[in-house]
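The values are calculated or read from the model by the stated rules, or taken from the named source; none is laboratory data. Everything numeric here is computed off the predicted structure, so don't read it as measured data. Every residue, glycine as well, gets a Cβ built from its backbone with ideal geometry; the counts of neighbours run over all protein chains shown. For accessibility, only protein heavy atoms count, side chains too; no ligands or nucleic acids. Shrake-Rupley method; radii C 1.70, N 1.55, O 1.52, S 1.80 Å.
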Amino acid sequence: MANPFELRGKRVLVVGLARTGVATAEFCATRGARVTGTDARSESEIAEAAKSLRAAGVHLELGGHNEKTFLDQDLIVASPGVPADAPLLQAARAKGVTIWSEIELADRFLKGCMIGITGSNGKTTTTSLIAHILKTAGIPTILAGNIGTPLISQVEQTNDKTTTVVELSSFQLELIDTFRADISVFLNLTPDHLDRHRTLEAYGAAKARIFENQTESDSAVVNADDPATRTFAPTKPQVFWFSRKQSVAQGAFALENEILFRQDGKDEVVLRLEDIPLTGAHNVENVLAAVAAARLAGAEAAEIARGVRSFAGVEHRLEFVAEIGGVRYYNDSKATNVDATLKALDAFPGRILIVLGGKDKGSDYTVLQNLLREKAILALLIGAASEKIEKQITGSVAIERAGTIERAVEIASHAARPGDVVLLAPACASFDQFENYEHRGRVFKDLVHQLERQAASTSSGSR
(Lines give C-alpha, C1' and ligand atoms only; values in the text may rest on other atoms or scores of the structure.)
Protein backbone atom coordinates (compact mmCIF):
# COMPACT_ATOMS: atom_id res chain seq x y z
CA MET A 1 0.00 0.00 0.00
CA ALA A 2 2.55 2.54 -1.19
CA ASN A 3 -0.06 5.20 -1.96
CA PRO A 4 -2.88 4.86 0.58
CA PHE A 5 -6.08 6.71 -0.22
CA GLU A 6 -8.74 7.78 2.28
CA LEU A 7 -12.23 7.20 0.89
CA ARG A 8 -14.23 8.25 3.93
CA GLY A 9 -16.26 11.36 3.18
CA LYS A 10 -15.06 11.57 -0.43
CA ARG A 11 -17.53 12.20 -3.25
CA VAL A 12 -17.00 9.28 -5.63
CA LEU A 13 -18.71 8.75 -8.97
CA VAL A 14 -18.60 5.29 -10.55
CA VAL A 15 -19.29 5.38 -14.30
CA GLY A 16 -20.64 2.16 -15.78
CA LEU A 17 -22.42 -0.36 -13.56
CA ALA A 18 -21.47 -3.73 -14.98
CA ARG A 19 -19.52 -6.23 -12.86
CA THR A 20 -16.49 -3.98 -12.23
CA GLY A 21 -18.56 -0.86 -11.60
CA VAL A 22 -20.80 -2.59 -9.06
CA ALA A 23 -17.81 -4.01 -7.18
CA THR A 24 -16.14 -0.58 -7.15
CA ALA A 25 -19.21 1.28 -5.93
CA GLU A 26 -19.81 -1.20 -3.13
CA PHE A 27 -16.13 -1.11 -2.12
CA CYS A 28 -16.16 2.69 -1.86
CA ALA A 29 -19.50 2.80 -0.02
CA THR A 30 -18.26 0.28 2.54
CA ARG A 31 -15.34 2.60 3.28
CA GLY A 32 -17.54 5.62 3.96
CA ALA A 33 -17.45 7.38 0.60
CA ARG A 34 -20.47 9.28 -0.71
CA VAL A 35 -20.96 7.19 -3.82
CA THR A 36 -22.99 7.88 -6.94
CA GLY A 37 -23.30 5.28 -9.68
CA THR A 38 -24.27 6.26 -13.20
CA ASP A 39 -25.09 4.17 -16.27
CA ALA A 40 -26.62 4.89 -19.66
CA ARG A 41 -28.85 1.85 -19.21
CA SER A 42 -32.25 2.14 -17.57
CA GLU A 43 -33.33 0.85 -14.17
CA SER A 44 -35.08 -2.13 -15.75
CA GLU A 45 -31.95 -3.10 -17.68
CA ILE A 46 -29.79 -3.36 -14.55
CA ALA A 47 -32.50 -4.12 -11.98
CA GLU A 48 -30.47 -6.63 -9.95
CA ALA A 49 -27.37 -4.41 -9.79
CA ALA A 50 -29.50 -1.37 -8.91
CA LYS A 51 -31.13 -3.18 -6.02
CA SER A 52 -27.76 -4.30 -4.64
CA LEU A 53 -26.22 -0.84 -4.97
CA ARG A 54 -29.11 0.96 -3.30
CA ALA A 55 -28.90 -1.50 -0.41
CA ALA A 56 -25.24 -0.48 -0.07
CA GLY A 57 -26.22 3.20 0.12
CA VAL A 58 -25.17 4.13 -3.42
CA HIS A 59 -27.12 6.93 -5.11
CA LEU A 60 -28.00 6.04 -8.72
CA GLU A 61 -28.40 8.09 -11.88
CA LEU A 62 -29.62 5.78 -14.63
CA GLY A 63 -30.73 6.10 -18.23
CA GLY A 64 -28.10 8.74 -19.02
CA HIS A 65 -25.39 10.91 -17.48
CA ASN A 66 -25.56 14.31 -15.80
CA GLU A 67 -22.62 16.65 -16.48
CA LYS A 68 -23.11 18.49 -13.19
CA THR A 69 -22.66 15.21 -11.33
CA PHE A 70 -19.35 14.58 -13.11
CA LEU A 71 -18.03 18.03 -12.21
CA ASP A 72 -19.01 17.79 -8.55
CA GLN A 73 -16.77 14.90 -7.46
CA ASP A 74 -13.50 14.24 -5.64
CA LEU A 75 -12.90 11.03 -7.60
CA ILE A 76 -14.37 9.40 -10.68
CA VAL A 77 -13.78 5.70 -11.29
CA ALA A 78 -14.54 4.79 -14.90
CA SER A 79 -15.35 1.20 -15.78
CA PRO A 80 -13.24 -0.43 -18.54
CA GLY A 81 -15.99 0.00 -21.13
CA VAL A 82 -15.93 3.80 -20.75
CA PRO A 83 -13.42 5.51 -23.10
CA ALA A 84 -10.79 7.57 -21.28
CA ASP A 85 -11.49 10.47 -23.64
CA ALA A 86 -15.27 10.47 -23.17
CA PRO A 87 -16.48 14.13 -23.24
CA LEU A 88 -17.86 14.09 -19.69
CA LEU A 89 -14.59 12.67 -18.36
CA GLN A 90 -12.67 15.34 -20.26
CA ALA A 91 -14.86 18.05 -18.74
CA ALA A 92 -14.28 16.67 -15.23
CA ARG A 93 -10.54 16.33 -15.86
CA ALA A 94 -10.39 19.98 -16.99
CA LYS A 95 -11.96 20.97 -13.67
CA GLY A 96 -9.31 19.02 -11.74
CA VAL A 97 -11.35 15.96 -10.79
CA THR A 98 -9.20 12.84 -10.27
CA ILE A 99 -10.12 10.06 -12.72
CA TRP A 100 -8.91 6.52 -12.17
CA SER A 101 -9.64 3.02 -13.36
CA GLU A 102 -10.73 0.41 -10.84
CA ILE A 103 -7.28 -1.22 -10.78
CA GLU A 104 -5.69 2.07 -9.71
CA LEU A 105 -8.06 2.37 -6.76
CA ALA A 106 -7.63 -1.31 -5.85
CA ASP A 107 -3.84 -0.99 -5.89
CA ARG A 108 -4.05 1.65 -3.14
CA PHE A 109 -5.42 -1.01 -0.79
CA LEU A 110 -3.76 -4.19 -2.08
CA LYS A 111 -1.23 -6.10 0.04
CA GLY A 112 1.46 -8.58 -0.92
CA CYS A 113 3.04 -9.16 -4.32
CA MET A 114 1.33 -8.47 -7.66
CA ILE A 115 1.96 -10.02 -11.07
CA GLY A 116 0.28 -8.09 -13.88
CA ILE A 117 -0.23 -9.57 -17.34
CA THR A 118 -1.16 -7.66 -20.49
CA GLY A 119 -0.93 -8.16 -24.26
CA SER A 120 -3.24 -8.51 -27.24
CA ASN A 121 -3.61 -12.29 -27.05
CA GLY A 122 -3.03 -15.04 -24.53
CA LYS A 123 -3.65 -12.93 -21.42
CA THR A 124 -6.28 -15.15 -19.86
CA THR A 125 -4.45 -18.41 -20.54
CA THR A 126 -1.14 -17.01 -19.22
CA THR A 127 -2.75 -15.38 -16.19
CA SER A 128 -4.61 -18.58 -15.31
CA LEU A 129 -1.50 -20.69 -15.87
CA ILE A 130 0.69 -18.50 -13.65
CA ALA A 131 -1.90 -18.67 -10.87
CA HIS A 132 -2.18 -22.44 -11.28
CA ILE A 133 1.61 -22.90 -11.12
CA LEU A 134 1.93 -20.75 -8.00
CA LYS A 135 -0.90 -22.62 -6.27
CA THR A 136 0.75 -25.92 -7.24
CA ALA A 137 3.95 -24.57 -5.63
CA GLY A 138 2.07 -23.83 -2.40
CA ILE A 139 2.25 -20.05 -2.76
CA PRO A 140 -0.91 -18.26 -1.50
CA THR A 141 -2.37 -16.97 -4.76
CA ILE A 142 -5.32 -14.82 -5.84
CA LEU A 143 -6.55 -14.64 -9.44
CA ALA A 144 -8.26 -11.41 -10.53
CA GLY A 145 -8.64 -8.60 -13.03
CA ASN A 146 -9.91 -8.63 -16.59
CA ILE A 147 -10.26 -12.40 -16.29
CA GLY A 148 -13.72 -11.99 -14.75
CA THR A 149 -13.17 -11.12 -11.07
CA PRO A 150 -12.62 -7.39 -10.44
CA LEU A 151 -9.35 -6.78 -8.62
CA ILE A 152 -11.09 -4.49 -6.16
CA SER A 153 -13.38 -7.31 -5.02
CA GLN A 154 -10.32 -9.35 -3.95
CA VAL A 155 -8.52 -6.65 -1.93
CA GLU A 156 -9.75 -7.97 1.44
CA GLN A 157 -8.35 -11.43 0.64
CA THR A 158 -4.79 -10.13 0.26
CA ASN A 159 -2.10 -10.02 2.92
CA ASP A 160 1.66 -9.61 3.02
CA LYS A 161 2.18 -13.25 1.95
CA THR A 162 -0.24 -13.42 -0.99
CA THR A 163 0.62 -13.10 -4.67
CA THR A 164 -2.18 -11.58 -6.74
CA VAL A 165 -2.09 -12.52 -10.42
CA VAL A 166 -3.95 -9.91 -12.45
CA GLU A 167 -5.03 -9.85 -16.10
CA LEU A 168 -4.85 -6.25 -17.33
CA SER A 169 -6.49 -4.74 -20.40
CA SER A 170 -5.46 -1.59 -22.23
CA PHE A 171 -8.75 -0.03 -21.10
CA GLN A 172 -7.82 -0.58 -17.44
CA LEU A 173 -4.24 0.64 -17.87
CA GLU A 174 -5.28 3.85 -19.64
CA LEU A 175 -6.43 5.42 -16.38
CA ILE A 176 -3.73 4.50 -13.87
CA ASP A 177 -1.68 6.93 -11.82
CA THR A 178 0.67 5.12 -9.43
CA PHE A 179 -0.47 1.54 -10.12
CA ARG A 180 2.53 -0.79 -9.95
CA ALA A 181 3.06 -4.50 -10.45
CA ASP A 182 6.06 -6.21 -8.84
CA ILE A 183 6.30 -8.45 -11.90
CA SER A 184 4.86 -7.23 -15.21
CA VAL A 185 4.26 -9.38 -18.29
CA PHE A 186 3.75 -7.95 -21.81
CA LEU A 187 2.88 -10.90 -24.07
CA ASN A 188 2.48 -9.44 -27.55
CA LEU A 189 1.02 -6.55 -29.52
CA THR A 190 -1.22 -6.95 -32.56
CA PRO A 191 -4.04 -4.74 -33.91
CA ASP A 192 -7.08 -4.81 -31.63
CA HIS A 193 -9.56 -2.31 -30.20
CA LEU A 194 -8.60 0.18 -32.91
CA ASP A 195 -12.20 1.38 -32.87
CA ARG A 196 -11.31 2.85 -29.45
CA HIS A 197 -7.53 3.44 -29.49
CA ARG A 198 -7.48 4.47 -33.19
CA THR A 199 -3.82 3.53 -33.82
CA LEU A 200 -1.62 0.54 -32.95
CA GLU A 201 0.87 2.96 -31.37
CA ALA A 202 -1.75 4.39 -29.01
CA TYR A 203 -2.98 0.89 -28.17
CA GLY A 204 0.57 -0.26 -27.46
CA ALA A 205 1.30 2.82 -25.35
CA ALA A 206 -1.77 2.11 -23.22
CA LYS A 207 -0.58 -1.45 -22.58
CA ALA A 208 3.00 -0.33 -21.93
CA ARG A 209 1.76 1.73 -18.98
CA ILE A 210 2.10 -1.55 -17.07
CA PHE A 211 5.83 -0.67 -16.82
CA GLU A 212 5.36 3.02 -15.98
CA ASN A 213 5.69 2.92 -12.20
CA GLN A 214 7.96 -0.07 -11.82
CA THR A 215 11.28 0.42 -10.06
CA GLU A 216 14.74 -1.14 -10.35
CA SER A 217 13.70 -3.78 -7.80
CA ASP A 218 10.80 -4.96 -10.01
CA SER A 219 10.83 -7.33 -12.99
CA ALA A 220 9.37 -7.11 -16.49
CA VAL A 221 8.76 -10.17 -18.67
CA VAL A 222 8.75 -9.24 -22.38
CA ASN A 223 8.33 -11.15 -25.67
CA ALA A 224 11.69 -11.19 -27.48
CA ASP A 225 10.11 -12.58 -30.66
CA ASP A 226 7.61 -9.76 -31.16
CA PRO A 227 9.14 -6.55 -32.60
CA ALA A 228 6.10 -4.45 -31.65
CA THR A 229 6.36 -5.50 -28.01
CA ARG A 230 10.16 -5.07 -27.88
CA THR A 231 9.66 -1.42 -28.86
CA PHE A 232 7.97 -0.84 -25.49
CA ALA A 233 10.52 -2.72 -23.35
CA PRO A 234 11.15 -0.68 -20.17
CA THR A 235 14.40 0.68 -18.76
CA LYS A 236 13.76 0.74 -15.00
CA PRO A 237 12.69 -2.78 -14.04
CA GLN A 238 14.99 -5.71 -14.69
CA VAL A 239 13.89 -7.21 -18.04
CA PHE A 240 13.47 -10.96 -18.46
CA TRP A 241 12.76 -12.04 -22.02
CA PHE A 242 10.86 -15.04 -23.30
CA SER A 243 11.40 -16.58 -26.71
CA ARG A 244 10.24 -19.58 -28.68
CA LYS A 245 12.87 -18.96 -31.39
CA GLN A 246 16.15 -17.94 -29.75
CA SER A 247 18.11 -18.08 -26.51
CA VAL A 248 17.93 -14.92 -24.37
CA ALA A 249 20.34 -13.13 -22.06
CA GLN A 250 17.98 -13.80 -19.18
CA GLY A 251 14.49 -15.22 -19.06
CA ALA A 252 12.74 -18.29 -20.50
CA PHE A 253 13.39 -19.81 -23.90
CA ALA A 254 12.93 -22.98 -25.94
CA LEU A 255 16.03 -24.88 -26.97
CA GLU A 256 15.58 -28.03 -29.05
CA ASN A 257 12.89 -29.91 -27.12
CA GLU A 258 13.25 -28.19 -23.74
CA ILE A 259 12.24 -24.99 -21.96
CA LEU A 260 15.05 -23.35 -20.01
CA PHE A 261 15.13 -20.46 -17.57
CA ARG A 262 18.28 -18.34 -17.47
CA GLN A 263 19.15 -15.93 -14.65
CA ASP A 264 22.50 -14.49 -13.60
CA GLY A 265 24.26 -16.66 -16.18
CA LYS A 266 22.79 -19.90 -14.83
CA ASP A 267 20.49 -22.13 -16.94
CA GLU A 268 17.82 -24.40 -15.48
CA VAL A 269 15.89 -26.98 -17.49
CA VAL A 270 12.24 -26.51 -16.49
CA LEU A 271 10.31 -28.98 -18.68
CA ARG A 272 10.12 -30.60 -22.10
CA LEU A 273 8.05 -29.04 -24.87
CA GLU A 274 6.11 -32.28 -25.25
CA ASP A 275 4.91 -31.90 -21.64
CA ILE A 276 2.84 -28.82 -22.57
CA PRO A 277 -0.81 -29.93 -22.64
CA LEU A 278 -2.05 -26.96 -24.70
CA THR A 279 -2.49 -26.89 -28.47
CA GLY A 280 -0.66 -24.44 -30.74
CA ALA A 281 2.69 -22.63 -31.03
CA HIS A 282 1.17 -19.53 -29.40
CA ASN A 283 0.58 -21.56 -26.26
CA VAL A 284 4.30 -22.40 -26.13
CA GLU A 285 4.84 -18.64 -25.90
CA ASN A 286 2.23 -18.37 -23.15
CA VAL A 287 3.97 -21.14 -21.22
CA LEU A 288 7.37 -19.46 -21.63
CA ALA A 289 5.99 -16.20 -20.22
CA ALA A 290 4.37 -18.08 -17.34
CA VAL A 291 7.60 -19.96 -16.59
CA ALA A 292 9.52 -16.69 -16.31
CA ALA A 293 6.91 -14.97 -14.14
CA ALA A 294 6.41 -17.95 -11.84
CA ARG A 295 10.16 -18.45 -11.38
CA LEU A 296 10.57 -14.77 -10.51
CA ALA A 297 7.69 -15.12 -8.03
CA GLY A 298 9.53 -17.87 -6.18
CA ALA A 299 8.30 -21.14 -7.70
CA GLU A 300 10.99 -23.77 -8.22
CA ALA A 301 11.60 -25.35 -11.63
CA ALA A 302 10.15 -28.74 -10.63
CA GLU A 303 7.04 -27.05 -9.22
CA ILE A 304 6.61 -25.05 -12.42
CA ALA A 305 6.88 -28.21 -14.52
CA ARG A 306 4.27 -29.94 -12.37
CA GLY A 307 1.97 -26.92 -12.69
CA VAL A 308 2.27 -26.74 -16.48
CA ARG A 309 1.69 -30.46 -16.93
CA SER A 310 -1.45 -30.39 -14.76
CA PHE A 311 -2.97 -27.26 -16.34
CA ALA A 312 -6.32 -28.09 -17.94
CA GLY A 313 -6.56 -24.96 -20.08
CA VAL A 314 -9.15 -22.20 -20.01
CA GLU A 315 -12.74 -22.20 -21.16
CA HIS A 316 -13.30 -20.52 -24.57
CA ARG A 317 -9.60 -20.74 -25.54
CA LEU A 318 -9.13 -23.50 -28.13
CA GLU A 319 -11.39 -25.55 -25.88
CA PHE A 320 -12.19 -29.02 -27.19
CA VAL A 321 -15.96 -29.48 -27.07
CA ALA A 322 -16.75 -32.85 -28.66
CA GLU A 323 -16.00 -35.29 -31.43
CA ILE A 324 -19.05 -36.29 -33.43
CA GLY A 325 -18.74 -38.78 -36.27
CA GLY A 326 -15.01 -38.15 -36.48
CA VAL A 327 -15.47 -34.34 -36.64
CA ARG A 328 -13.85 -32.38 -33.80
CA TYR A 329 -15.46 -29.16 -32.53
CA TYR A 330 -13.39 -26.44 -30.82
CA ASN A 331 -14.56 -23.33 -29.01
CA ASP A 332 -12.17 -20.37 -29.29
CA SER A 333 -14.75 -17.66 -28.62
CA LYS A 334 -12.01 -15.63 -26.92
CA ALA A 335 -10.46 -15.13 -30.37
CA THR A 336 -11.96 -11.64 -30.53
CA ASN A 337 -9.32 -10.19 -32.88
CA VAL A 338 -7.69 -11.22 -36.14
CA ASP A 339 -4.35 -12.25 -34.66
CA ALA A 340 -6.04 -14.61 -32.18
CA THR A 341 -7.90 -16.21 -35.10
CA LEU A 342 -4.63 -16.62 -37.02
CA LYS A 343 -3.17 -18.44 -34.01
CA ALA A 344 -6.25 -20.65 -33.78
CA LEU A 345 -6.05 -21.58 -37.47
CA ASP A 346 -2.35 -22.31 -37.10
CA ALA A 347 -3.03 -24.75 -34.26
CA PHE A 348 -4.56 -27.34 -36.62
CA PRO A 349 -3.09 -29.11 -39.66
CA GLY A 350 -5.98 -28.34 -42.00
CA ARG A 351 -9.54 -29.02 -43.22
CA ILE A 352 -11.07 -26.44 -40.88
CA LEU A 353 -14.63 -25.15 -41.07
CA ILE A 354 -14.35 -21.82 -39.27
CA VAL A 355 -17.08 -19.63 -37.80
CA LEU A 356 -16.15 -15.94 -38.22
CA GLY A 357 -17.93 -12.70 -37.40
CA GLY A 358 -19.58 -10.55 -34.78
CA LYS A 359 -19.03 -6.89 -33.96
CA ASP A 360 -16.18 -5.35 -35.95
CA LYS A 361 -13.45 -3.51 -34.01
CA GLY A 362 -11.90 -1.74 -36.97
CA SER A 363 -9.98 -4.88 -37.97
CA ASP A 364 -8.28 -5.82 -41.23
CA TYR A 365 -9.49 -9.30 -42.17
CA THR A 366 -7.42 -9.52 -45.37
CA VAL A 367 -4.52 -10.86 -43.30
CA LEU A 368 -6.57 -14.05 -42.76
CA GLN A 369 -6.45 -14.92 -46.46
CA ASN A 370 -3.22 -16.93 -46.60
CA LEU A 371 -4.01 -19.19 -43.65
CA LEU A 372 -7.64 -19.61 -44.73
CA ARG A 373 -6.40 -20.69 -48.16
CA GLU A 374 -3.93 -23.10 -46.55
CA LYS A 375 -5.98 -24.49 -43.65
CA ALA A 376 -9.72 -23.91 -44.14
CA ILE A 377 -12.34 -25.45 -46.43
CA LEU A 378 -15.31 -23.28 -45.42
CA ALA A 379 -15.86 -19.96 -43.64
CA LEU A 380 -19.26 -19.53 -42.01
CA LEU A 381 -19.99 -15.86 -41.39
CA ILE A 382 -22.21 -14.57 -38.59
CA GLY A 383 -23.13 -11.22 -37.14
CA ALA A 384 -22.75 -7.57 -38.06
CA ALA A 385 -19.26 -7.84 -39.57
CA SER A 386 -20.24 -10.52 -42.11
CA GLU A 387 -20.33 -8.24 -45.13
CA LYS A 388 -16.94 -6.66 -44.38
CA ILE A 389 -15.31 -10.03 -43.69
CA GLU A 390 -16.74 -11.52 -46.87
CA LYS A 391 -15.33 -8.70 -48.98
CA GLN A 392 -11.91 -9.01 -47.36
CA ILE A 393 -11.49 -12.82 -47.52
CA THR A 394 -13.20 -13.54 -50.84
CA GLY A 395 -11.11 -15.83 -53.01
CA SER A 396 -9.26 -17.50 -50.15
CA VAL A 397 -11.91 -19.99 -49.02
CA ALA A 398 -15.49 -21.07 -49.72
CA ILE A 399 -17.85 -18.70 -47.87
CA GLU A 400 -21.36 -19.08 -46.56
CA ARG A 401 -23.33 -16.29 -44.87
CA ALA A 402 -24.90 -18.22 -41.97
CA GLY A 403 -26.09 -15.12 -40.10
CA THR A 404 -26.41 -16.79 -36.71
CA ILE A 405 -24.25 -19.18 -34.75
CA GLU A 406 -27.12 -21.68 -34.68
CA ARG A 407 -27.26 -21.78 -38.47
CA ALA A 408 -23.44 -21.88 -38.71
CA VAL A 409 -23.23 -25.00 -36.52
CA GLU A 410 -26.05 -26.63 -38.47
CA ILE A 411 -24.35 -25.99 -41.84
CA ALA A 412 -20.97 -27.14 -40.50
CA SER A 413 -22.43 -30.36 -39.13
CA HIS A 414 -23.71 -31.29 -42.61
CA ALA A 415 -20.62 -30.11 -44.52
CA ALA A 416 -17.88 -31.63 -42.34
CA ARG A 417 -16.53 -35.11 -42.85
CA PRO A 418 -14.46 -37.36 -40.53
CA GLY A 419 -11.10 -35.78 -39.72
CA ASP A 420 -12.35 -32.21 -40.14
CA VAL A 421 -12.31 -29.51 -37.44
CA VAL A 422 -15.20 -27.13 -36.81
CA LEU A 423 -13.70 -24.07 -35.14
CA LEU A 424 -15.38 -21.07 -33.55
CA ALA A 425 -12.69 -18.35 -33.77
CA PRO A 426 -14.69 -15.24 -34.70
CA ALA A 427 -12.00 -12.50 -34.96
CA CYS A 428 -14.66 -10.09 -33.67
CA ALA A 429 -16.29 -8.88 -30.49
CA SER A 430 -19.54 -10.57 -29.49
CA PHE A 431 -21.72 -7.65 -28.51
CA ASP A 432 -23.88 -7.57 -31.64
CA GLN A 433 -25.56 -10.89 -30.77
CA PHE A 434 -24.31 -11.91 -27.33
CA GLU A 435 -23.68 -10.48 -23.86
CA ASN A 436 -19.95 -11.27 -24.11
CA TYR A 437 -17.53 -13.80 -25.58
CA GLU A 438 -18.31 -16.26 -22.75
CA HIS A 439 -22.01 -16.19 -23.68
CA ARG A 440 -21.11 -16.79 -27.34
CA GLY A 441 -18.86 -19.70 -26.41
CA ARG A 442 -21.50 -21.29 -24.17
CA VAL A 443 -24.12 -21.07 -26.92
CA PHE A 444 -21.71 -22.72 -29.36
CA LYS A 445 -20.97 -25.52 -26.90
CA ASP A 446 -24.66 -26.06 -26.17
CA LEU A 447 -25.35 -26.39 -29.90
CA VAL A 448 -22.52 -28.89 -30.34
CA HIS A 449 -23.71 -30.93 -27.36
CA GLN A 450 -27.21 -30.99 -28.89
CA LEU A 451 -25.66 -32.46 -32.04
CA GLU A 452 -23.79 -34.95 -29.87
CA ARG A 453 -27.00 -36.09 -28.19
CA GLN A 454 -28.79 -36.36 -31.54
CA ALA A 455 -25.95 -38.46 -32.93
CA ALA A 456 -25.99 -40.73 -29.88
CA SER A 457 -29.76 -41.11 -30.14
CA THR A 458 -29.58 -41.96 -33.83
CA SER A 459 -26.80 -44.45 -33.18
CA SER A 460 -28.67 -46.22 -30.36
CA GLY A 461 -31.88 -46.26 -32.41
CA SER A 462 -30.19 -47.99 -35.31
CA ARG A 463 -28.90 -50.88 -33.22
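Some observations on this one:
- Applying Stokes-Einstein at 25 °C and 0.890 mPa s to the Kirkwood radius of the stretch 94-144, computed over alpha-carbon pairs, gives a translational diffusion coefficient of 186 µm² s⁻¹.
- For the stretch 153-270, a Kirkwood hydrodynamic radius built from all Cα pairs, placed in the Stokes-Einstein relation at 10 °C and 1.306 mPa s, yields a translational diffusion coefficient of 101 µm²/s.
- Shape of the stretch 41-167, Cα gyration tensor, a/c cut at 1.5: prolate
- Per residue, the average separation of C-alpha pairs within less than 8 Å and at least 6 apart gives the chain a relative contact order of 11 percent.
- Expressed as a fraction of 2.2 N^0.38 Å, the C-alpha radius of gyration for the stretch 206-255 is 1.12.
- Surface per residue (accessible, 1.4 Å probe) for the chain, Å²: 41
- Compactness of the stretch 1-115 as Cα Rg over 2.2 N^0.38 Å, two decimals: 1.01
- Surface composition of the stretch 1-135: carbon and sulfur make up 50 percent of the accessible area, probe 1.4 Å.
- Cross-link reach is defined here as a Cα-Cα straight distance under 21 Å, omitting same-chain residues fewer than 8 places apart; for LYS68 the lysines meeting it are LYS10, LYS95.
- The sum of -39500 (n - 2.57) across all DSSP H runs of n ≥ 4, divided by the residue count of the chain, sets its helix-only mean residue ellipticity at 222 nm to -10000 deg cm²/dmol.
- Placed amide H near THR162: partners under 5 Å, 5+ positions off or other chain: CYS113
- Principal axis dimensions, the stretch 227-272 - Cα atoms, whole angstrom, descending: 30, 22, 12
- Database remark: amide H of ALA220 closer than 5 angstrom to the amide H of SER184, GLN238, VAL239, PHE240 (H placed geometrically; neighbours at sequence offset of 5 or more, or on other chains; Pro and chain starts carry no H).
- Shape annotation for the chain: C-alpha extents along the principal axes are 71, 59, 43 Å, from largest to smallest.
- When the convex hull of its Cα atoms is projected in every direction, mean area for the stretch 314-371 (nm²): 4.4
- Under-5 Å amide H pairs with VAL422, H placed in peptide plane, nonlocal only: ARG328, TYR329, TYR330, LEU353
- Per-residue packing, averaged as other Cβ atoms within 10 Å, sorts the ranges 167-176, 304-313, 255-264 into the order 167-176, 304-313, 255-264, beginning with the highest.
- Stokes-Einstein D for the stretch 272-414, Kirkwood Rh over Cα pairs, 20 °C, 1.002 mPa s (µm²/s): 129
- Accessible area of the stretch 274-396 belonging to carbon and sulfur atoms, whole % at 1.4 Å probe: 46
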